[in-house]
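These notes concern the structure reproduced below.
The values are calculated or read from the model by the stated rules, or taken from the named source; none is laboratory data. As the structure is a computational prediction, the values presented were derived from the model and not from experiment. Don't worry about glycine lacking a Cβ; one is built from the backbone with ideal geometry, like all the others, and counts go over all protein chains shown. Please note that ligands, DNA and RNA were not included when accessible areas were found on the heavy atoms of the full protein model with its side chains. Shrake-Rupley method; radii C 1.70, N 1.55, O 1.52, S 1.80 Å.
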Amino acid sequence: MVAPVVLVIGVIIGIPLVRGVYLSLTDANEANVERSIGMNHLPATYHFTGLDNYRAVLADGVFWDRLGWTVVWTVGCVSLTFLTALALANLLNRRMRGRTFYRLALILPWAIPAFVSVFTWRMLYNEKNGILNKLLSGGGLDAVPWLNDPTWAKLSVIAVNVWLGVPFMLVALLGGLQSIPGELYEAAEMDGAGAWQRFRHITVPGLRAVSGTVILLSTIWTFNMFPVIFLLTRGGPGDATEILVTYAYRLSFVDSPRNFSASATWGMVILAVLALVAVGYRRALRKQGEVW
């Protein structure tokens, strides 16, 4: 019964994973892999190097710099996304005119392909012709170098990722809010509990299971979020917004000569970090009384 699924996973995930592990233990690069030049076929000449690549990565200050920014990027995006989605979910959970329209409007960013959204934001951030700076100049303010200044670039990519991530959390939290019995709020209000007390003692505990799941999922996705960084800034200006996954891509597809072994090593290190996050996810689900 499970053989077809195991076979598909083995082909789609297992083979590339094994290949990546193998390459990370070699010195493979653009000059020594198997390749064809015209009519000439050159065999692979790279060698097994053991854990040398891992030692080099962990001893490299570039890795720790990228890891530091990746952690800041992840924590900042997930925190702002969760708080924004929680506020919007509470607003949309109330009876109001046009509530269905507002729900559809807020979910719209989730329906648009990520690359389309990122390219749209890139045009908005354009320093000379972008709408944002046009609005600022109309108010007598100087143009902001959104993507050309390291600090502004970091804030800009976080803002875009939050915009893309809010719909998912909004839907999940709104579903959690609607599962909380309304009788609890009515009883608390009759007992004299204020809005903050109802939120603290009913809403927050009622959303604990959903919140833990969406925060951990969002952490995994954001940590490994390639499109926003690469399509918006390509890791720039300089390397200010480069995260681990975009740097691994750069080693294998951008820099010359392409270093396949180093890129594979970075990929394996990223996988190890995400595996630790997955362990935390599993433990969180166990604390919630769920099975994973």
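Numbers below:
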read-out	value
Rounded tilt (10° steps) of 15-24 against the dominant C-alpha axis of the chain	60
Mean accessible surface per residue for the chain, computed with a 1.4 Å probe while every protein chain stays in place, in Å²	59
Highest to lowest packing among 239-247, 179-187, 124-132, scored as the average C-beta count within 10 Å	239-247, 124-132, 179-187
Residue with peak Gaussian network fluctuation, the chain [Cα springs, cutoff 10 Å], from Ser117, Ser24, Ser137	Ser137
Dipole moment magnitude, nearest 20 debye, segment 19-127 about Cα centre, only Lys, Arg, Asp, Glu C-beta charged	1120
Burial order of peptide ranges 80-93, 199-212 (average beta-carbon count within 10 Å, highest first)	80-93, 199-212
Arg283-Ser256 FRET efficiency (beta carbon distance; Förster radius 30 Å; 0.05 resolution)	0.10
Efficiency of FRET between Val204 and Arg94 - r from beta-carbon atoms, R0 30 angstrom, step 0.05	0.95
Sorted peptide list for 143-153, 248-258, criterion being average Cβ within 10 angstrom, highest first	143-153, 248-258
Pairwise FRET efficiency - Ile112 versus Glu30, Cβ, R0 = 30 Å, nearest 0.05	0.25
With every protein chain in place, the chain: carbon and sulfur % of accessible area (1.4 Å)	66
Which labelled figure in [x] 22.9; [y] 22.4; [z] 19.5 is Kirkwood radius over Cα pairs in Å, once derived from the coordinates	[y]
